[in-house]
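Undergrad: Okay, handing you the structure first.
The values are calculated or read from the model by the stated rules, or taken from the named source; none is laboratory data. Being a predicted model, the structure only gives us computed values, none of them experimental. Glycine gets a Cβ as well: all are built from the backbone with ideal geometry, and neighbour counts include every protein chain shown.
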Amino acid sequence: MSASADPNQHAKGTTADGAVTQARLVDSARAHLTGNYRQAPIVMERGEGRQLYDVTGRRYLDMTAGIAVNLLGHSHPRLTAAIAAQAGKLIHCSNLYFIEPQVRLAERLAALSGFPRMFFGNSGAEANEAALKLARRYQQHVAAAPGRIEIVACHGSFHGRTMATVSITGQEKYRQGFGPMLEAVRFVPYGDLDAARAAISQERTCAFVLEPLQGEGGVRVPPPGYLRGLRELCGETGTILIYDEVQTGVGRTGEWFAFQHAEGPGQAVQPDIMTLAKGLAGGVPIGAMLCSDEVAKGFEPGTHASTFGGNALASAAALAVLEVIESEGLLAHVRAMGDHLGRGLDALCAAHPGQAKESRGKGLLRGLALAGDAVPTVTACREQGLLLSVAGGTVVRFAPALNVTAAELDEALALLGKVLAA
Ligand SMILES: Cc1ncc(COP(=O)(O)O)c(C=O)c1O
């Protein structure tokens, strides 16, 4: 049954006990947790495919997938089995020793990406920290260019919440109150090659870091030629090019990595370093920084580390995610479903020209840019049982599981259309 046909269906099966539990847990969370999140007053209990259920039994159609994380949906049997099997064998033993799941994951990622070397951490921010540290150390110790310390980043970018990654995040709201920031960072407009050229200096610039498609900044696709031009510019000037593919990587845009179709189908633009996290292990925390053999020379024994990074559990989960994406043909599915979703969002723009201004994105990372604040729309959708998220303040973002069905997308589009019409 379509959710739009019966908006009350989500309340069916909810329990009074569940409502009491939910209220108690929300109160307790608000008393005990630091107040840094804007959480909805909902306590989620379990997930199944593209559905989430709260403790009252209410069902939500999940078009957010844990902010672009649950690539296989919730409780995928092969991911669950891989995690259980690994947990029964070895969860963690530190990076003092080698472990087979991590080595196999590295082999697999190297084959899929063409990057021969990698470092594993636990999050996107940690992967980006590793990229920044490697770039700085490479310039100072390998390229013998100690003056090349400046990081060039883009306005509207998002790279994480640690001190270094907020310092290179081109949105003032994330930096306010946390100064002083990392030194030697400069920002340029995203998509502006002339500005990049003017900012890069052979004496001063260490690296240029950007998302090949900005996610948090509002699902922004760069103009044609930008990524290729930047690649050339960085090559000519000895600047390390870093792609933050934390949100776009691992199938999200319809190829394994967004760089592989940066300028269109088959038109790859390979950076020197790429970072991954989010969906890589389907919800088990992991981050990865992949790089060329040359740049990897910047790290020597003892220069960088992470206690949990790429542990046996996370690596086994990531291997299972990669296997399922391949065996279930999910890249082609993402391209087809992405086109379907894009057409649906175009139709919403045509139907609601006052509110919906633009449909944009690639694969299953899509945004509907609204005329104003997207929060009330996303809140109203959630009240109707549809989970979406806000990007860049005015954009409603879709980042569903890669195995989402056309029927589920249609259900979501119908609900969003109803909210826009209200
Ligand atoms: C492009 C990008 N980089 C980095 C991050 C930070 O990742 P994490 O929250 O895992 O540290 C995010 C998170 O949204 C992201 O979208």
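Undergrad: Quick one: which residue in GLY354, GLY344 is more than 13 Å from GLY417 (Cβ to Cβ) and not acidic (Asp, Glu)?
TA: Only one candidate passes the filter, namely GLY354.
Undergrad: More than 20 Å from the chain's Cα centre (by Cα), under 29 Å from GLY66 (Cα atoms) and within 16 Å of the ligand (Cβ to nearest atom) - does that describe any residue in the range 117-133?
TA: Within the range 117-133, one or more residues are more than 20 Å from the chain's Cα centre (by Cα), under 29 Å from GLY66 (Cα atoms) and within 16 Å of the ligand (Cβ to nearest atom).
For every residue, the table says whether it meets (1) closer than 19 Å to ALA68 by Cβ; (2) at pLDDT below 95; (3) of a type in the set (A, V, I, L, M, F, W, C); (4) touching a Cys at 6+ places or on another chain (Cβ under 7 Å).
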| position | (1), (2), (3), (4) |
| --- | --- |
| GLU323 | no, no, no, no |
| GLY329 | no, no, no, no |
| ARG366 | yes, no, no, no |
| ALA369 | yes, no, yes, no |
| LEU402 | yes, no, yes, no |
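Undergrad: From GLY282, GLY302, which residue is out of contact with any strand residue (DSSP E or B) (no Cβ under 7 Å at 6 or more places or on another chain), in the same structural domain as PRO223 (by TED's automatic domain parsing) and within 15 Å of the ligand (Cβ to nearest atom)? Walk me through it before giving the result.
TA: Working: GLY302 fails: within 15 Å of the ligand (Cβ to nearest atom).
The conditions single out GLY282.
Undergrad: Sort out which residues of the range 111-133 are small (Gly, Ala, Ser) and either on the phi > 0 side of the Ramachandran plot or out of contact with any strand residue (DSSP E or B) (no Cβ under 7 Å at 6 or more places or on another chain) (or both), and write them in order of number.
TA: Residues satisfying the conditions are ALA111, GLY114, ALA125.
Undergrad: Among what's in the range 305-315 and is under 20 Å from the mean Cα position of the chain (by Cα) and away from the ligand (no atom under 14 Å from the Cβ), pick the residue that is farthest from TYR138 (Cα to Cα).
TA: SER315
Undergrad: Looking at the range 214-232, can you tell me whether even one residue there is within 16 Å of the ligand (Cβ to nearest atom), surrounded by 21 or more Cβ atoms within 10 Å (Cβ to Cβ), free of Cβ contacts under 8 Å to residues at least 40 places away in the same chain and in a helix (DSSP H, G or I)?
TA: no
Undergrad: May I ask you to say which residue of ALA195, ALA207, ALA288 is touching a Pro at 6+ places or on another chain (Cβ under 6 Å), in the same structural domain as ALA135 (by TED's automatic domain parsing), on the phi < 0 side of the Ramachandran plot and not in a loop (DSSP other than H, G, I, E, B)?
TA: ALA195
Undergrad: Being within 16 Å of the ligand (Cβ to nearest atom), surrounded by fewer than 23 Cβ atoms within 10 Å (Cβ to Cβ) and part of a loop (DSSP other than H, G, I, E, B) is the filter here, so list the residues in the range 65-92 that pass it.
TA: VAL69
Undergrad: From ALA380, ALA336, ALA347, which residue is farther than 24 Å from GLY264 by Cα, part of a helix (DSSP H, G or I) and of a type outside the set (Asp, Glu)?
TA: Matching residue, one of ALA380, ALA336, ALA347: ALA380.
Undergrad: How many residues does the range 142-172 contain that are at negative phi and either within 14 Å of the ligand (Cβ to nearest atom) or not assigned by TED's automatic domain parsing to the domain that holds ALA125 (or both)?
TA: Going residue by residue through the range 142-172, those that are at negative phi are 142-143, 145-155, 157-159, 161-172.
Now drop any that are not either within 14 Å of the ligand (Cβ to nearest atom) or not assigned by TED's automatic domain parsing to the domain that holds ALA125 (or both), which leaves 153-154, 157-159, 161-171.
The number of residues fulfilling the criteria is 16.
Undergrad: Among VAL321, VAL269, VAL295, which is the only one that is within 16 Å of the ligand (Cβ to nearest atom) and either assigned to a helix (DSSP H, G or I) or more than 29 Å from THR394 (Cα to Cα) (or both)?
TA: VAL321
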